[in-house]
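Take a look at the structure set out below.
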Amino acid sequence: MDNTDQEGFSVDQVIGNSPRIFRNKSLVSVGTVPDEDRIVGRQEEITNVVLSLEDVIYNDVPDNLQIYGKTGTGKSLVSRHVSSKIAERAVENNVHATSVYVDCNSNNTITRASRALYFSIFDELDEKYGIADQSSTTQPPKRGVGWKTYTEELWGIVDEHYDGLIIILDEIDLLEDFNKLLHALSRARENDEIDTYISIVLISNKTTQFKSDVNQRVNSSMGGSEFVFSAYDAGQLEDILENRRDAFEKGVLGPNAIPTAAELAADEHGDARKAIELLNKAGMMARRNMDKTVTETHVKEARDLVEADLLSKSISTLPDQAKLVLYTLAKKLDGRTSSVSTSQVYERYQTVAKDVESNILGYQRVSDLLDELEFLGVTISERKGRGDRQGIKKDHELNHKPTIVLAATLAEDRRLQKLESVSSPEDILQ
Ligand SMILES: Nc1ncnc2c1ncn2[C@@H]1O[C@H](COP(=O)(O)OP(=O)(O)OP(=O)(O)O)[C@@H](O)[C@H]1O
Ligand SMILES: [Mg+2]
C-alpha cells in the first residue's frame, strides 16, 4: 500500500527517525509511582509516618494522621508507600491488614468517595478470595444509593476480613461535606460497628483552609499526629532527578540539564512534580527539534509548558463554566492591568459564553465560580469596598502569567481553541 500522500509526506520517514532521547520515559512521568530506592530526601517524614501507623503490624491501635505541605512535596508518595509497606509487613506477621487510597480530587462528593472506598476494598477481597461469587456477599449498586449504604456495607466486609485498615484520603479539602465522612469513619469502632483497627490518613496542601473547615466533633474524634512536609531545596530536587537519570539514554543529558531543572523548580516553591515534568518536557523538546542532547536551554524553554500543563491538570475537575470564567479572567488580564473586578469579568464572560454557544450564568454564579478558582489557588481575590446591589465587590488577580492560564484553559476546552484559532494550546506559549 502506498503511504505517501500528495505532498510526498511519508509516515515511514518520520517513524524511528528522531534521536533516541529516552530509555525509560515512565521514570520521568509524574503518574508513575517510583520504587523505594528512588525516593530520596524524605527520611524523617517516612520515619514519622511509619511510627504513626506501625501498630497495625502488631494488631494494635494505630494513630490517625494528618499530612500537610505544599504541592509536590511527596505527601501522596510517602503515605502510599509507607502504608502499603506496613500492610505487607502486617500480613507477614499474620495480621490481616490492608491500605486503601482514595483520591478526593476525582471523588469529590461524599457518595463518590465512600463508593471508591468500598469498591477498592471489595475488589481487593474479590481478587484474593473471589467474594463476588459467594452467596453471602451482597454488593451495593454503583448508582442510586446514598453514601451511608457504602460505609455500612464497608464495615461488613472490613470487619469480616481485616484486623487493621489504613484509609488514605488524599486532597481531603476537595471533598464536599468531608466532616460527615470523617465523623462516620472515625467513630465506627467506638460505635461498635467494627472490631478492625482503623487509621485515617488525611492529606491536604491547603492547611489553613482545611483546618478551619474541620468541625470540633470531628477534630476530637480524629485526634492523632500532624506533620508538615517542607518544600524541597535545589539540592534535594537534584538528588531526586539524578535518581531518575536512567530515564534517558546514556550521554543524552547535558551537564546542566538536571541542575537547571532543580533550580527552576526550587525557585518556585520546591515542587518535585515540577522538577520531573521539566526534565520530561525538555527531553520531548530536544526530540522534536531533532537535537541529540538535552540542554539547559531546553529545560528553560519547557518552563511555561510545564506550568500550563500542571495548571490544566489542576483545573480539569472544575465545571466547564469555571474554565470559561478563568479564560475570561486571563483575557482581561492579558498584557493590561494586574487585576479586574467581578463586574468587569462578568461583562466579558457573557460574550465568551455566547461565542462558545454555552448557556450564560447569572452574576452571582460567576462570582461563586471566581471564589472556587481562588480556593484552588489559581487566582487571588481581594474584597474591596462595601459591595452594592449585586453583592460583595472583589478584585481578581492571576497566580500565573495570563498566557499560561490561557494555554491551560485552551487545553481543557476545545471550543476555546477554536475561538482563539489555534490548533494546539502550546501555540499560545510560542
Ligand atoms: N522524595 C522524593 N523522591 C522521589 N520522587 C519524589 C519525591 N517526592 C516527590 N516525588 C515525585 O514528585 C511527584 C509529586 O509527589 P507527590 O505526588 O507525592 O506530591 P504531593 O505532596 O502529594 O503533591 P500535591 O499536594 O500536589 O498532591 C511524584 O511524581 C513523586 O513520585
Ligand atoms: Mg498529592
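Read-outs throughout are calculated quantities, based only on the coordinates presented, and are distinct from any laboratory measurement. On a predicted model such as this, the values are computed, not experimentally measured, just so you know. Glycine also receives a Cβ, built like all others from the backbone with ideal geometry; neighbour counts cover every protein chain displayed.
Identify the trypsin sites (Lys or Arg not before Pro) of segment 103-164 meeting these criteria: DSSP loop state and at most 10 other C-beta atoms within 10 Å of the C-beta. Let's see the in-between values first.
Working: sites: 112, 115, 128, 142, 143, 148; in loops: 142, 143.
Counting only loop positions with at most 10 other Cβ atoms within 10 Å, the trypsin sites (Lys or Arg not before Pro) in segment 103-164 are 142, 143.
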Rounded, prolate or oblate (a/c below 1.5 giving rounded, otherwise prolate when a/b exceeds b/c) for the chain by Cα gyration tensor: oblate
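Take the Cβ-Cβ distance between residue 35 and residue 360 as r, set R0 to 51 Å, and report the resulting FRET efficiency rounded to the nearest 0.05.
0.50
Rounded to the nearest 0.05, what FRET efficiency do residue 88 and residue 212 have when you use their Cβ-Cβ distance and R0 = 35 Å?
Working: r = 37 Å, r/R0 = 1.04.
It comes to 0.45.
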Gained length - residue 300 relative to residue 368, 0.36 nm times residue gap less alpha-carbon distance: 20.9 nm
Along each principal axis, Cα extent of segment 349-430, largest first, Å: 43, 27, 16
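Packing-wise, with mean Cβ within 10 Å as the measure, how do 75-84, 180-189, 288-297 rank, highest first?
Values: 75-84: 22.1, 180-189: 19.5, 288-297: 15.8.
Per-residue Cβ counts within 10 Å, averaged per peptide and sorted highest first, yield 75-84, 180-189, 288-297.
Pairs of alpha-carbon atoms within less than 8 angstrom and 6+ residues apart define the contacts here; what relative contact order does the chain have, in percent? Can you show the working numbers first?
Numbers: 655 pairs, mean separation 71.8, N = 430.
The normalised contact order for the chain reaches 17 percent.
If contacts are Cα pairs under 8 angstrom and at least 6 residues apart, what is the relative contact order of segment 317-429 in percent? Write down the numbers at each step before the final one.
On the way: 137 pairs, mean separation 34.0, N = 113.
Relative contact order of segment 317-429: 30 percent.
Rounded to the nearest 0.05, what FRET efficiency do residue 348 and residue 414 give with R0 = 30 Å and r taken as the Cβ-Cβ distance? Could you check?
On the way: r = 20 Å, r/R0 = 0.68.
According to the calculation, E is roughly 0.90.
Considering only DSSP beta bridges where both residues belong to the chain, give the percentage that are antiparallel (nearest 5). The partial results should precede the final answer.
Numbers: 10 of 33 bridges.
Antiparallel bridges: around 30 percent, rounded to the nearest 5.
With 10 angstrom as the radius, rank 365, 42 by how many other C-beta atoms surround their C-beta, starting from the fewest. Can you show the working numbers first?
Values: 365 14, 42 23.
The fewest-first ordering by Cβ neighbours comes to 365, 42.
Work out, step by step, the length gained on full extension between residue 338 and residue 50: first 0.36 nm times the residue separation, then minus their alpha carbon distance; give nm to one decimal.
Numbers: separation 288, 0.36 × 288 = 103.68 nm, distance 4.57 nm.
Here the segment from residue 338 to residue 50 would lengthen by 99.1 nm.
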All lysines inside 19 Å of residue 354 as judged from Cα atoms, apart from same-chain residues fewer than 8 positions distant: 323, 331, 332, 418
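With a ≥ b ≥ c taken as the square roots of the eigenvalues of the C-alpha gyration tensor of segment 42-229, please select rounded if a/c is under 1.5 and otherwise prolate if a/b is larger than b/c or oblate if it is not? Write down the numbers at each step before the final one.
On the way: a/c = 1.66, a/b = 1.21, b/c = 1.37.
Oblate shape, in that a/c is at least 1.5 and b/c is the bigger or equal ratio.
Which order do the peptides 22-28, 329-335 take when ranked by the mean count of other beta-carbon atoms within 10 Å per residue, highest first?
Values: 22-28: 16.1, 329-335: 19.0.
Descending packing order for the listed peptides: 329-335, 22-28.
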Value of [θ]222 nm, deg cm²/dmol, for the chain, DSSP H segments ≥ 4, -39500 (n - 2.57) each, nearest 500: -15000 deg cm²/dmol
